[in-house]
Amino acid sequence: FIQMLRSAKKRDVLQLLRRAPQEMLPFVVEAAVAAQSVASLAALSDFLDFSKEPRSLLEKFLYAAAFSPRPSGELLRLVLDKLDGKQLAPEVQETGIVALGSLVGKLCQQKLCGLQEVKRGVETILKGLKGAEEESKVVIYLLALGNAVLPETIPTLLDHAEEGTTAVATAAISALRRFPAWHISSKVKRAMRRIFHEKRRSYEKTCRLAAAEVLLDNQPLPMDVINILLAANKLETETAMFLLLKVQSSLRANHHPAREIMKDIMSDPRINNYNFFSKAGISSSFSGPLTVTQDLLSTFGLDLLFLEGGLGVSDFSLLSRGQRLRAAQVTIEAQGMESMLGENVLEGEKEPELTAGMSAIFFDVQLRPIVFFQGYTDLMAKVLLSSGEPTSVVKGNLLLMDHHQVIPLQSGLQVAIKLQGGLGLDISADMDVSIWEQELKTSINTRGSLAIDFQAELDAPFLQATLRSQTEVETSIQFDTILRFSSSPVLMCLQLREERVPYR
């Protein structure tokens with residue numbers, strides 16, 4: 001369909017968009033974005049009216065752009081023009097901002113940072129960040145900078161990490177963690193030390209833990225590891241246990257950059273002793289390999305932190321030749337559960353608002369965070385009006401690979417190679433709070449199908465030969481958690497289900 005659109009005229013693509021049945025329209029929009037021909041982008045520009053189209057269709061267009069493997073300056077210009085100066089639904093605006101960050105980052109990876117559109121995109125994000133007054137807006141712009149991964153924005157991220165509110169600081173550190181190790185300079189590390197060791201002001205525990213992870217995951221200095229371990233001994237039980245499990249997990253992982261340093265430090269009995277590693281909390285951190293080959297390592301990690309309600313992170317990553325791709329990272333966060341369950345908040349501490357939400361990264365693209373509920377009134381309204389349907393995080397068809405190359409052979413002939421890979425993705429999340437049972441259930445369902453089409457063609461006056469290969473894979477992973485608050489300690493059940501993978 002994409003190949004057909006690439007050779008179509010603007011009027012044909014526009015007619016197709018206008019005449020497509022309602023259920024087929026999202027597919028046609030996604031294909032037109034993936035085609036990225038002058039005609040298809042011009043047709044999309046005429047067809048998409050951001051003040052009228054349904055929100056779901058506009059989000060599909062923006063996510064298709066964000067996931068584009070090799071976006072063009074024209075695609076970025078189209079997104080910028082559609083977002084510029086218009087009164088949009090908040091969800092569309094937020095999706096547009098994270099998509100802008102992704103497009104800017106991918107164009108810079110193609111050495112196209114000098115394009116006028118890229119400069120305009122960076123300016124739009126930074127200007128929006130400067131003018132944002134609401135905390136949620138600031139967070140979105142910081143997540144967009146995390147998608148862009150531009151070294152020149154590191155000072156801005158550091159400023160928000162040290163000076164911002166808890167949500168802002170967490171988002172800024174999360175964006176910094178997206179940068180490769182060579183960008184985590186001594187200046188960044190000094191800021192992370194100030195946050196973790198609370199040199200200038202006090203920080204919320206999740207911020208301190210995130211800062212510690214930046215120090216541990218990026219060519220750490222032995223002194224940093226020792227200081228983090230010594231500080232962990234003075235932290236509250238759950239925080240200390242989580243941090244110590246992180247250290248033990250990195251010791252087991254052959255690929256972890258801090259493994260050798262950790263091994264040396266663990267030979268010191270003043271640190272590696274029962275008193276240090278016998279914290280009796282219920283938080284946990286685990287990571288391990290899923291697939292190991294000569295060129296590729298795929299890992300699965302699961303972090304569960306029981307602080308002020310709970311934080312759960314599941315992570316599927318691919319590591320190859322020093323590069324890391326976050327295939328899927330899902331974070332579910334709940335706060336203020338203690339107030340609902342009648343627990344007392346420590347004197348002097350502000351009672352956190354009852355909230356629950358989810359944030360996800362797929363194929364290194366941060367998606368717009370989703371709020372399940374915010375405040376007790378919102379929770380009650382959603383419990384009473386619930387349709388029973390899970391919340392859709394992202395659903396659609398994406399072009400992940402798009403490669404075309406002509407290879408000259410020694411004989412003087414040429415071989416044309418085409419490689420395309422498409423992904424059908426459907427991710428939904430569900431959260432159910434039962435006040436009577438004092439239970440919190442979460443369920444994340446990820447379904448995907450990948451199709452790869454490879455073609456090599458030799459075309460000469462006296463000889464024609466074509467080699468073609470098609471591969472299809474389908475998979476489904478469901479991750480469920482049940483937390484029962486009715487007794488102490490909190491009881492928890494985790495279940496990761498993977499259906500059989502048909503491979504053709």
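The values are calculated or read from the model by the stated rules, or taken from the named source; none is laboratory data. Source: prediction; values computed, not measured. Don't worry about glycine lacking a Cβ; one is built from the backbone with ideal geometry, like all the others, and counts go over all protein chains shown. For accessibility, only protein heavy atoms count, side chains too; no ligands or nucleic acids. Shrake-Rupley method; radii C 1.70, N 1.55, O 1.52, S 1.80 Å.
Quick notes on this one:
- Whole-Hz couplings from phi, Karplus 6.51/-1.76/1.60, listed for the range 440-452; x for Gly and Pro: 10, 10, 10, 9, 10, 10, 10, 10, x, 9, 10, 10, 10
- Vicinal HN-Hα couplings computed from phi for the range 431-438 (Karplus, 6.51 cos²θ - 1.76 cosθ + 1.60; Hz; Gly/Pro x): 10, 10, 10, 10, 6, 6, 7, 6
- Under-5 Å amide H pairs with residue 414, H placed in peptide plane, nonlocal only: 409, 459
- Both radii come from the Cα set of the range 397-499: Rg as radius of gyration, Rh as Kirkwood radius; their ratio Rg/Rh reads 1.38.
- Vicinal HN-Hα couplings computed from phi for the range 134-143 (Karplus, 6.51 cos²θ - 1.76 cosθ + 1.60; Hz; Gly/Pro x): 6, 4, 5, 5, 4, 4, 4, 5, 5, 5
- In this label model, residue 449 and residue 278 are separated by 5.6 nm, measuring between points 7 Å along each Cα→Cβ vector.
- Counting only residues at least eight positions apart within a chain, or on another chain, the aspartates and glutamates with an alpha carbon under 13 Å from that of residue 441 are 333, 430, 432, 480.
- Cα-Cα separations in the chain greater than 31 Å, expressed as whole percent: 50
- Here the chain is treated with +1 on each Lys and Arg Cβ and -1 on each Asp and Glu Cβ, and its dipole about the Cα centre works out to around 1540 debye.
- The apolar share of the surface of the range 397-499, taken as the fraction of accessible area on carbon and sulfur atoms (1.4 Å probe, ligands and nucleic acids excluded), comes to 52 percent.
- Put simply, the convex hull of the Cα atoms in the range 249-313 casts, on average, a shadow of 5.9 nm².
- Ranked by the mean number of other Cβ atoms within 10 Å of their residues, highest first, the peptides 292-305, 161-174 fall in the order 161-174, 292-305.
- Relative contact order of the range 397-499, pairs being alpha-carbon contacts under 8 Å that are 6 or more residues apart, as %: 22
- For the pair residue 226 and residue 177 in one chain, pulling the backbone fully straight at 0.36 nm per residue adds 15.5 nm over the alpha carbon distance.
- Dipole magnitude (debye, nearest 20) for the range 397-499, charges at Cβ of Lys, Arg, Asp, Glu: 220
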